[in-house]
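Input: a single structure, listed below in structure tokens.
Bear in mind these aren't lab numbers, they're just calculated from the coordinates by the rules spelled out. No experiment lies behind these values; they were computed from the predicted model shown. Every residue, glycine among them, receives a Cβ derived from its backbone with ideal geometry; neighbour counts consider all protein chains shown.
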Amino acid sequence: MRRIPLNDLDPWFQTVDGVIERDGRIDGARLFANDRPLEIDVGCGRGLFVFSASGARPNTNFLGIELDYKEARRAAKRLQKRAAGNARILGGDVFRAFEHIAPGSVEAIHVYFPDPWWKRRHRRRRVFTDRFADACAELIRPGGMLHSWTDVEEYFEVIRSLMDHHARFEALPPPEERPAENDMDYHTSFERKKRKLGMPIYRGQWRRRADV
Ligand SMILES: C[S@@+](CC[C@H](N)C(=O)[O-])C[C@H]1O[C@@H](n2cnc3c(N)ncnc32)[C@H](O)[C@@H]1O
């Protein structure tokens, strides 16, 4: 495996390109040295979700993918402190990573508070597009899940429309909001920030159909 040199956060922080194997695959079983179910957090930011979920569910592997290396390294540092064996952060572009992950090998994909790119001319930079939904349908195993939350109503409607009409997913009832018991008791850093501002959060979950 090729890795960046002198990586003080290895193996918690690695790059997408650094974990592509000679056969062109990013192999979850290789990354975690076991073949437990793999969940991916797209644009994981500072990694609160990966940190909390990997602590709460030790029999699942969590992989955060984050374009901003500074944020990705910050997320990895938290995991290093806890010596988390079931959580890793990859620095790089999710679309590049997805090209190298085996179809049907992912248990769940999480997309929390994706950048809204407010200006119309920047909209094409959004992560959640029909291409993204198709890539998720390819990677998630039949019966697996896609979760997406945001405070941006218009973006959520785009996501909901893409997912509700996608032939390979079925919509499930959205998860309900529950009161936070402490400052770490939020799904992600952005959820904490937006809820503290009193903003509504739109939540969706979809199951990958087993029959298509
Ligand atoms: C608004 S932040 C949300 C961070 C985190 N999910 C949360 O809820 O706190 C969106 C994150 O997605 C990352 N991002 C945007 N496009 C990406 C891409 N193509 N691949 C990986 N990460 C991406 C950004 O760098 C940013 O950290």
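Segment Ala29..Arg160, full-extension length gain: 44.0 nm, with 0.36 nm per residue of separation and the alpha-carbon distance subtracted.
Relative to the present Cα-Cα distance, how much length would full extension add between Glu176 and Arg57 at 0.36 nm per residue of separation? Don't skip to the answer; put the middle values down first.
Working: separation 119, 0.36 × 119 = 42.84 nm, distance 2.01 nm.
Computed gain between Glu176 and Arg57 is 40.8 nm.
Helices meeting the span-like rule in the chain (full DSSP H runs, Cα extent of at least 15 Å along the helix axis, mean Kyte-Doolittle score of 0.0 or higher) are absent. Cα centroid distance between region 76-119 and region 154-179, in Å? Answer, in whole Å: 20. Directionally averaged projected area (the chain, Cα convex hull): 12.1 nm².
Taken about its Cα centre, region 148-208 carries a charge dipole of about 180 debye when Lys and Arg each add +1 at the Cβ and Asp and Glu each add -1 at the Cβ.
The helix-based estimate of mean residue ellipticity at 222 nm for the chain, built from -39,500 (n - 2.57) per DSSP H run of four or more residues and divided by its residue count, is -8500 deg cm²/dmol to the nearest 500.
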